[in-house]
Amino acid sequence: MAALPIITAEQRMAEKHGIKMCIFGKSGIGKTSLLWTMDPHITLFFDLEAGDLAVEGWPGDTIRPRTWSECRDFAVFIGGPNPALRDDQSFSQAHYSAICEKFGDPAALDKYQTIFVDSLTVAGRLCFHWCKGQPQAFSEKSGKADIRGAYGLHGQEMIAWLTHLQHTRGKNIIFVGILDEKVDDFNKRFFAPQIEGAKTGLELPGIVDEVITLAELQAEDGNLYRMFVCQTLNPWGYPAKDRSGRLVMVEEPHLGRLMTKISGPVRPIQERLDYGQPAPAETTTATATN
């Protein structure tokens with residue numbers, strides 16, 4: 001009889017865990033330039049933007065997918081196969097084997113600890129362009145284009161791609177995307193990732209461990225400066241999330257040092273459970289009286 005496949009606490013804590021992170025920011029704020037803060041010998045630049053002028057001279061390796069099919073191929077090559085999938089599905093064992101024959105030994109990727117994907121916005125466009133040519137994007141009765149079918153397929157494809165990369169346990173996966181500022185029906189400002197379709201933007205924060213906004217903040221003297229906004233409860237309404245419990249609301253805009261901090265010692269449980277809530281009224285009163 002096979003042993004029950006329980007992973008002990010010691011085994012789990014000894015495992016190597018990669019950081020899965022999204023970094024959003026407005027166009028031109030310097031998201032791609034964050035590569036300069038990363039070790040080029042162990043970082044692979046997944047360049048979808050074809051706008052690497054900001055990192056011209058950065059001495060790291062690069063891959064440049066031009067189609068959605070290539071994006072999926074690189075994802076399975078990086079993340080390995082998903083044993084739960086059928087051979088006719090993307091990211092399956094059959095897909096992985098075919099890509100290994102095409103690209104060579106996947107051990108060539110072992111030296112890379114971080115995959116820097118720039119950007120989600122372009123990945124979404126490539127995916128949607130591909131989806132518009134698939135059978136699901138056409139009406140079965142009339143044969144005419146059905147934009148709803150294209151968007152439905154787009155959501156499935158993007159979530160499957162992101163989830164597969166997220167399951168690359170031993171590597172850091174950094175997704176970069178453009179952040180749009182919008183106004184709702186009540187004239188209230190809000191921020192949203194610039195990605196085709198609503199499904200990807202809604203589900204993305206639940207897939208990754210960290211959501212960081214590279215934002216432009218204003219000092220008391222009126223000068224502007226860039227910072228990482230890292231916590232959900234922030235006064236600007238920027239999208240942010242920190243599963244590590246190691247980041248404060250605002251961190252310096254240095255990706256290398258931010259990742260080192262996320263990988264640092266675990267905070268005591270009582271600190272992790274302190275959500276910054278005000279003390280109960282009776283406690284506050286007693287303290288003031290004393």
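The values are calculated or read from the model by the stated rules, or taken from the named source; none is laboratory data. Model, not experiment: these values are computed from the prediction. Virtual Cβ from ideal backbone geometry, glycine too; neighbours counted across all protein chains shown.
Computed values, structure above
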| read-out | value |
| --- | --- |
| The one condition in (1) of a type in the set (S, T, N, Q); (2) in contact with a helix residue (DSSP H, G or I) (Cβ under 6 Å, 6 or more places away or on another chain); (3) in contact (Cβ under 8 Å) with a residue 60 or more places away in the chain that residue 136 fails to fulfil | (3) |
| Of all residues making up the stretch 172-183, the number that are surrounded by fewer than 23 Cβ atoms within 10 Å (Cβ to Cβ) and out of contact with any Ser or Thr (no Cβ under 7 Å at 6 or more places or on another chain) | 4 |
| Filter result for residue 91 (at pLDDT 95 or above, aromatic (Phe, Trp, Tyr), under 21 Å from residue 193 (Cβ atoms) and surrounded by 21 or more Cβ atoms within 10 Å (Cβ to Cβ)) | no |
| Residue in the stretch 149-162 that is among the charged types (D, E, K, R) and in a loop (DSSP other than H, G, I, E, B) present | no |
| Number of the exception - residue 260 against (1) free of Cβ contacts under 8 Å to residues at least 12 places away in the same chain; (2) more than 16 Å from residue 21 (Cβ to Cβ) | (2) |
| Pairs where the first residue, in the stretch 113-124, is in contact (Cβ under 8 Å) with a residue 40 or more places away in the chain and the second is in a strand (DSSP E or B) and charged (D, E, K, R), C-beta under 8 Å, 6+ apart | 118/47 |
| Which listed residue, of 225, 275, 238, is outside any helix (DSSP H, G or I) and at pLDDT below 90 | 275 |
| In the stretch 35-79, the residues that are buried (at least 19 other Cβ atoms within 10 Å of the Cβ) and either among the small types (Gly, Ala, Ser) or part of a helix (DSSP H, G or I) (or both) | 35, 55, 68, 71, 72, 73, 74, 75, 76, 77, 78, 79 |
| Selected residue (criterion: modelled with the highest pLDDT) from residues of the stretch 171-206 that are farther than 22 Å from residue 259 by Cα and aromatic (Phe, Trp, Tyr) | 191 |
| Restricting the stretch 131-150 to residues that are under 26 Å from the mean Cα position of the chain (by Cα) and not charged (D, E, K, R), the residue that is surrounded by the most Cβ atoms within 10 Å (Cβ to Cβ) | 131 |
| Filtered residues of the stretch 163-182 (kept if in a strand (DSSP E or B) and touching a Lys or Arg at 6+ places or on another chain (Cβ under 6 Å)) | 173, 176, 179 |
| Which numbered condition residue 209 misses (of (1) farther than 30 Å from residue 260 by Cβ; (2) touching a residue at least 24 places away in the same chain (Cβ under 8 Å)) | (1) |
| Residue list for the stretch 203-222, restricted to those being surrounded by 14 or more Cβ atoms within 10 Å (Cβ to Cβ) and in a helix (DSSP H, G or I) | 203, 204, 205, 207 |
| Options 153, 126; residue that is in contact with a Leu (Cβ under 9 Å, 6 or more places away or on another chain) and crowded, with 16+ Cβ neighbours inside 10 Å | 126 |
